[in-house]
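Colleague: Once you've had a glance at the structure underneath, I'll fire off some questions.
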Amino acid sequence: MVADNIITDVLIVEDTLSMALMYQQHLKKVGISSKICDTGSKALVQLRQGNVTTVLLDLQLPDMNGLDIIQEMEGSAQHITFIVVTANGSVNTAVDAMRAGAYDFLIKPFSTVKLLTTVKNALESVRQKTKANSLKKDTTSSTKVRGFIGESAPMLAVYKMIEKVANSNAAVFITGESGTGKEVTAQAIHDVSDRSGAPFIALNCAAIPENLIESEIFGHMKGAFTGAQEARKGAASQANGGTLFLDEICEMDIGLQAKILRFLQTGQVKRVGSDWSEDVDVRIICATNRNPMIEVAEKRFREDLFYRLDVLSIELPPLSHRGRDVILLAESFLKTYTSEEGKSFQFISTPAQELLLDYHWPGNVRELQNTIRKAVVVHDGSELELHMLKLGKSEQQGQPRDYQLVGLAKDNSHMTPTQSMKTTLSVDLNQPMTDIEQQIIEAVIASCKGSIPKASQILQLSPSTIYRKRETWLQSEATSSTDQASLAS
């Protein structure tokens, strides 16, 4: 028997003892500890003690409905993951449980594999939430100072890394897709560092002509080249005592990279056309949206310079990996642009939020920002609605074609969602979008052996959205069958 003061992996709430013992035995074989309660009232006593994180909950209990337990604990400060078990095959019952706050559901009878997979996924979800909450607790006060918006686990890890590197003099190399906020991150590092009172100078290496970039970084003397009407300090000298941010550094000419390396080694800058050098004290932060290792391998970026710059690394996550940060960012942009444009927007409608969450955001935060701004400029109202959002490029009209979804492995139980994407699904685009969506979602669920939480990670949809869509499809199929029966009669 598990002691009351020890955290139990799973609490089994099941009034049929034989079933409960069978669940417990299966879990024990894979190293998952569990405890059994045969009534809802006993379960509530255990849950209120705070030593349970995951519950396998039968909805039909002798003294209450399992949904009542979920709803009561939902209002508590504890974070408990519920897996509901029901003998009722109605999807509506499961959907009600999901809406009440359940993580997943099992419909009797179910296989041992299904039981273990669902429980393991739930326990992993608990571990991820615990890790995110720990990071959030450590960084809550400082993230407000930096002006970041987002509470997802990937961003909390970024905040933590910023704090760790801020007061070092070592170079920082920031990587990430275009639009993920590399300059914002560099500014944040500067703002929380000991150099915050000195200048932060940012230079985009891709935006400056090749023949002028050396002058922009190191400065030049009067008459050093055509157009040099007077002597001028470069960005390195302007940032003296502070931070120099070199964005898109992989775009820099290979010849100039040697001079950057010398600058890093000596701490001295030599203006174009000058015979003498001057000492500067700057902290270097650089960024790229390319893979620097590939650039080094292809001889487009000096290996010695890369290792000199890549002392401390920060990789920014794409927006599609940041979950509900999308909504937090969109709401912030909506508030800003509503004020700037003198509009009336106060909220984002639920359908519009679902669209924002479902979209893949190839342009990341910058694309989201532009999307909200366009909507505010063109429309007005108290609520930002679905039809006001224009995402991505419209499909060109043409001949019907097949769309292949890469990523439906037959056996992916031992892989991550990204690694499991191996095979293809052909879909005829000469059919309604709702039918295409249903085929893709169902195929991904099948590839995940029926695990909706796992499928939700691949599809970048919330589990509740998938359950709601499946319920709609079932109702539609039932209506269609009824209509066909009526016609036949």
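Colleague: Scan segment 247-276 for residues that are at pLDDT 90 or above, touching a strand residue (DSSP E or B) at 6+ places or on another chain (Cβ under 9 Å) and part of a loop (DSSP other than H, G, I, E, B) and jot them down.
Modeller: E248, M252, G267, K270, R271
Colleague: Residues being surrounded by 18 or more Cβ atoms within 10 Å (Cβ to Cβ) and of a type outside the set (D, E): count how many of those fall in segment 319-329.
Modeller: We begin by selecting, within segment 319-329, every residue surrounded by 18 or more Cβ atoms within 10 Å (Cβ to Cβ); these are 319, 322-323, 325-326, 329.
Narrowing further to those that are of a type outside the set (D, E): 319, 322-323, 326, 329.
Looking only at that region, the number is 5.
Colleague: Between E303, E367, which is outside the structural domain of F173 (by TED's automatic domain parsing) and at pLDDT 90 or above? Talk me through it step by step, then tell me what you get.
Modeller: Numbers: E303 fails: outside the structural domain of F173 (by TED's automatic domain parsing).
Only one candidate passes the filter, namely E367.
Colleague: Which numbered condition trips up V311, out of (1) touching a strand residue (DSSP E or B) at 6+ places or on another chain (Cβ under 8 Å); (2) not assigned by TED's automatic domain parsing to the domain that holds G179?
Modeller: Of (1) touching a strand residue (DSSP E or B) at 6+ places or on another chain (Cβ under 8 Å); (2) not assigned by TED's automatic domain parsing to the domain that holds G179, only one is false for V311: (2).
Colleague: From the list T185, T180, T139, which residue is outside the structural domain of L246 (by TED's automatic domain parsing) and either touching a Phe, Trp or Tyr at 6+ places or on another chain (Cβ under 6 Å) or modelled with pLDDT of 90 or more (or both)?
Modeller: Working: T185 fails: outside the structural domain of L246 (by TED's automatic domain parsing); T180 fails: outside the structural domain of L246 (by TED's automatic domain parsing).
So the residue among T185, T180, T139 that is outside the structural domain of L246 (by TED's automatic domain parsing) and either touching a Phe, Trp or Tyr at 6+ places or on another chain (Cβ under 6 Å) or modelled with pLDDT of 90 or more (or both) is T139.
Colleague: Among the residues of segment 210-220, what is the count of those that are in a loop (DSSP other than H, G, I, E, B) and either of a type in the set (S, T, N, Q) or modelled with pLDDT of 90 or more (or both)?
Modeller: Going through segment 210-220, the residues in a loop (DSSP other than H, G, I, E, B) turn out to be 210-212.
If we keep only those that are either of a type in the set (S, T, N, Q) or modelled with pLDDT of 90 or more (or both) too, we end up with 211.
Qualifying residue count, segment 210-220: 1.
Colleague: Still on this structure, I have one more. If you go through segment 434-489 one residue at a time, how many are touching a strand residue (DSSP E or B) at 6+ places or on another chain (Cβ under 9 Å), at pLDDT 80 or above and of a type in the set (V, I, T)?
Modeller: Residues flagged as touching a strand residue (DSSP E or B) at 6+ places or on another chain (Cβ under 9 Å), at pLDDT 80 or above and of a type in the set (V, I, T) within segment 434-489 amount to 3.
Colleague: Counting only residues that are part of a loop (DSSP other than H, G, I, E, B) and modelled with pLDDT of 90 or more, which one in segment 222-243 is farthest from I284 (Cα to Cα)? Let's see the steps before the verdict.
Modeller: So the first thing to find is which residues in segment 222-243 are part of a loop (DSSP other than H, G, I, E, B), and the list is 222-231, 234, 239-242.
After this cut, where a residue has to be modelled with pLDDT of 90 or more as well, the list is 234, 239-242.
Working: G234: 14, A239: 10, N240: 11, G241: 11, G242: 9 Å.
Going through the qualifying residues, I end up with G234.
Colleague: Could I ask something else about it? Contact list please: Cβ distance under 6 Å, first residue in segment 159-180 and touching a residue at least 60 places away in the same chain (Cβ under 8 Å) and under 11 Å from A287 (Cα atoms), second residue among the basic types (K, R) and surrounded by 21 or more Cβ atoms within 10 Å (Cβ to Cβ), pairs at least six apart or on different chains.
Modeller: I174/K182; G176/K182
Colleague: Quick check on segment 77-86. Is at least one of its residues part of a helix (DSSP H, G or I) and at pLDDT 70 or above?
Modeller: The initial filter retains those residues of segment 77-86 that are part of a helix (DSSP H, G or I), namely none.
No, segment 77-86 has no match at all.
Colleague: Given A206, A239, which one is of a type in the set (G, A, S), surrounded by 15 or more Cβ atoms within 10 Å (Cβ to Cβ) and touching a residue at least 12 places away in the same chain (Cβ under 8 Å)?
Modeller: A239
Colleague: Let me ask something else. Just checking, which of E315, E295, E248, E278 is among the acidic types (D, E) and at positive phi?
Modeller: Working: E315 fails: at positive phi; E295 fails: at positive phi; E278 fails: at positive phi.
Result: E248 is the single residue among E315, E295, E248, E278 that is among the acidic types (D, E) and at positive phi.
Colleague: With exposed (fewer than 13 other Cβ atoms within 10 Å of the Cβ) and of a type in the set (G, A, S) as the only criterion, which of S382, S332 stands out? If you could, list the steps in order and put the result at the bottom.
Modeller: Values: S332 fails: exposed (fewer than 13 other Cβ atoms within 10 Å of the Cβ).
After applying the criteria, what remains is S382.
Colleague: Tally up the residues in segment 226-259 that are hydrophobic (A, V, I, L, M, F, W, C) and more than 14 Å from E210 (Cα to Cα), please. Break it down into steps so the answer makes sense when it comes.
Modeller: Of segment 226-259, the ones hydrophobic (A, V, I, L, M, F, W, C) are 228, 231, 235-236, 239, 244-246, 249-250, 252, 254, 256, 258.
Then drop every residue that is not more than 14 Å from E210 (Cα to Cα), which leaves 228, 231, 235-236, 239, 244-246, 258.
Final tally of qualifying residues: 9.
Colleague: Could you please find all residues in segment 323-378 being more than 25 Å from T465 (Cβ to Cβ), free of Cβ contacts under 8 Å to residues at least 40 places away in the same chain and of a type outside the set (D, E, K, R)?
Modeller: T336, T338, S339, G342, S344, V378
The values are calculated or read from the model by the stated rules, or taken from the named source; none is laboratory data. Just so you know, these numbers come straight off a predicted model, no measurement behind them. Virtual Cβ from ideal backbone geometry, glycine too; neighbours counted across all protein chains shown.
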